[in-house]
Amino acid sequence: MARRTSLLAHAVPAPTPPAASDDATAPSPAPAEKPAAARTGGKRPGKYHLGAYFDPADPSAEAFRVLAARTRRSHQELLAEAIADLVAKYDAERQFGRS
């Protein structure tokens, strides 16, 4: 089977390999420093991702999207409220917390 090429192959120039140096004692270039977001663990320092993937046709997922739109609240706000309710339902703060 023939290998397919990317549609962007003609629009993006191919990277050129670095020129070979005749001086074997020349220091190698320092690695590029990572952007601040990569060093702190993402775009939201001090926070972590908590989420899941759902089938778009799932009635609960659809109801969640409609609820977010009608209440003009973000998915993050709704999930935070749902998680707080779940923790309260199972009394998880007392059962699993530090107290």
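The values are calculated or read from the model by the stated rules, or taken from the named source; none is laboratory data. Keep in mind that what you see is a predicted model, and the values were worked out from it rather than measured. Note: ideal-geometry Cβ built from the backbone for every residue, glycine included; neighbour counts use all protein chains shown.
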Quiz item: Here is a list of conditions, (1) among the charged types (D, E, K, R); (2) surrounded by fewer than 10 Cβ atoms within 10 Å (Cβ to Cβ); (3) at pLDDT below 85, and Glu93 meets all of them except one; can you say which number that is?
Solution: (2)
Quiz prompt | Residue, nearest to the chain's Cα centre (by Cα), within segment 59-80, restricted to residues that are within 24 Å of Lys47 (Cα to Cα) and either among the aromatic types (Phe, Trp, Tyr) or loosely packed, with under 11 Cβ neighbours inside 10 Å (or both) | solution = Ser74
Self-check item: Of the criteria (1) on the phi > 0 side of the Ramachandran plot; (2) at pLDDT 90 or above; (3) of a type in the set (Gly, Ala, Ser), which one Gly42 fails
Solution: (2)
Quiz prompt | segment 47-74, residues that are part of a helix (DSSP H, G or I) and not β-branched (Val, Ile, Thr) | solution = Pro59, Ser60, Ala61, Glu62, Ala63, Phe64, Arg65, Leu67, Ala68, Ala69, Arg70
